[in-house]
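Here the structure is laid out as structure tokens; the discussion comes afterwards.
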Amino acid sequence: MFNRRSLLASSAAAGLPLLMPWPALAQSRKDSITLAMTLEPPGLDPTAGAASSIGEIVLYNLFETLTKINPDGSVSPLLAESWEVSPDLKTYTFRLRKGVSFQNGEPCNAHSVKYSFDRAGDDKSTNKDKRTFASLSTRVVDDHTVVVINKDIDPDFLFVLGQATSIIVEPKSAATNATRPVGTGPYQLGNWSKGASVTLTAWPQHRMASGLRIRRASFRFISDPAAQVAALLAGDVDAFPRVTPRSVAQFKANGRFQVVVSGSRAKTILAMNNARKPLGDARVRRAIAAAIDRKAVIDGAGDGYGLPIGSYYVPTAFGYVDTTGINPFDVEKAKALLAEAGVKTPLELTMTLPPTPYARQGGEVIAAQLAKIGIRAKLQNVEWAQWLSGTYTLKNYDLTLISHVEPFDLGNFAKPDYYWGYQSSQFNELYDKIKNASRPADRSRLLGDAQRLLAQDCVHAFLYTPQWVTVANKNLRGLWKDMPIFVNDLSALSWAT
């Protein structure tokens, strides 16, 4: 009979290298990873802030949702094992997974779901999808059955429930989730070194803990494009999802790396404060849009990785119509529109730029283009926290270059207090019809009407949908090929043996 102890002793006597015991072999397999992100989140509670960088760290890792969004955009069960939808498409009955607890030991059940959704839609809520949750009525049937009634028909509702704003939180700890997050996910907060990194560690009590191949993950924050490249080349970073696509060619030519190019649902726009003069005049907004060569912006801001858009919608979305011809690049038309609006040039405006490379690089390109029609765009570089507080919250800006990454956020144009300052009863009426359209054909037609209206109103200069680039160690497995949402699903990752 094979005797491992005898084999080890014989090897030692013969002067051969000792064989490692099997447990040690298992432990020697790499089970940690360092990922990098461009922006540091302002907190770790995705129900309390609009920054997509929050979900990049916590969604499906620290916090879980009823449903889970997959890379192809499909939805599968997570905290909900199954569900039924009523014939009127408004009532959802969820049957919850049993035996789930939060990381503080409290049970996760139907009461937790009701609390989370009621909290998200409350008058005092700071959830960026507050409007969605305010339309819900949630009823507990028993500990593991919850009924959610939506006032509107929303064919994307199960997808929405898998987004970061729909996390299920524990009532006693919810108020401190921004700094001391408590979820039901497979990972828990290890350390947050402000300005540098966040570390997550595997939570031993999670139902899938034994299957986790990554036990420790560090997220480093690197906004400078040159520093991003240097960190990858030095091996300080194992993967950089949504890296600035600069120097991609050298990574493609380097056998140490894999390069993944993904589609996206993001909309990069030159947002205009419609509540400020002269930007409240659609002719001025159209002039700004006509002065911008989208292709030049894609090349300058996204290193060529992007597709032009003419409205707040992307080609891969249901109901898309091509509106790029409504406000085409036309410098002479731009000048004429300014004159028609009675604007005397030079017109001075401030363009606020967050720290993302696409914004800083793209801002330079757009400023040079606007100068050709007599608009002097003063570039104001701000940090992410300043953008969130000054631009997004206080609406203190003229122009800002920003990418909105949420897949289903057309309703932002119907929010009366959103930072764009856009008010349109025509759009509001159209959006209400979209929400209540039960037939796909009707919904598609109405979505097309909404896209054309936003393009004709030229609420913003709609620029492009970016293509995301991930550069990673060639031995890393489980990276998302497509990115319907911003997430780094650690439970899917592993190292090749």
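A simple count of charges around P354, restricted to other residues whose Cβ falls under 13 Å of its Cβ and scoring Lys, Arg +1 and Asp, Glu -1, yields -1.
Highest mean packing first, where packing is the average number of other Cβ atoms within 10 Å per residue, the peptides 164-173, 93-102 line up as 164-173, 93-102. The residues neighbouring K378, those whose beta-carbon lies less than 15 Å from its own, together hold a net charge of 0 under the Lys/Arg +1, Asp/Glu -1 convention.
H404 sits with roughly 20 Å² accessible to a 1.4 Å probe, with DNA, RNA and ligands left out of the calculation. With the cut-off at under 17 Å, measuring from each backbone N in the stretch 91-131 to a point 7 Å along the Cα-to-Cβ line of R207 picks out 94-114. Across the options A301, P186, A359, the greatest Cα extent toward the positive end of the charge dipole of the chain (unit charges at beta carbon of Lys, Arg, Asp, Glu) belongs to P186. For a 28 Å ceiling on Cα separation, which of these pairs sit above it: K295/K372; K90/K114; K172/K481; K267/K433; K68/K90; K378/K481? In this structure, K172/K481; K378/K481 lie more than 28 Å apart at Cα. In a simple Cβ point-charge model (Lys, Arg +1; Asp, Glu -1; nothing else charged), the stretch 43-127 has a dipole of about 200 debye relative to its Cα centre.
The peptide list 362-372, 245-255, 122-132, 51-61, put in order of mean Cβ contacts within 10 Å with the highest first, becomes 51-61, 362-372, 122-132, 245-255. Computed over all pairs of different Cα atoms, the Kirkwood value for the hydrodynamic radius of the stretch 69-184 is 14.6 Å. Put +1 on the Cβ of each Lys and Arg and -1 on the Cβ of each Asp and Glu in the stretch 265-464; which of L394, A455, G310 then has its Cα farthest toward the positive end of the dipole? Checking the options against the dipole of the stretch 265-464, the answer is A455. Under the shape rule built on the C-alpha gyration tensor, where the axes satisfy a ≥ b ≥ c, the chain is oblate, since a/c reaches at least 1.5 while a/b does not exceed b/c. Across the stretch 259-391, the fraction of Cα-Cα pairs farther apart than 18 Å, rounded to a whole number, is 58%. The amide H of G49, built 1.01 Å from its N in the peptide plane, has K128 as neighbours under 5 Å, considering only residues 5 or more places off or on other chains.
One way to sum up the overall shape of the stretch 196-251 is the equivalent ellipsoid from its Cα gyration tensor, whose semi-axes run 29, 12, 9 Å, largest first. Spacing of the modelled spin labels on K395 and A339, each 7 Å from Cα toward Cβ, amounts to 3.3 nm. Please list, or write none, the aspartates and glutamates whose alpha carbon is within less than 20 Å of the alpha carbon of K333, excluding same-chain residues fewer than 8 places away. Once the sequence-local aspartates and glutamates are set aside, what remains near K333 is D281, D293, E348, D457.
The values are calculated or read from the model by the stated rules, or taken from the named source; none is laboratory data. This one's a predicted model, so the numbers in the text were calculated from it and none came from an experiment. Neighbour counts run over all protein chains shown; Cβ positions are idealised from the backbone, glycine included. To get the accessible areas, we keep the full protein, side chains included, count just its heavy atoms, and leave off ligands, DNA and RNA. Shrake-Rupley method; radii C 1.70, N 1.55, O 1.52, S 1.80 Å.
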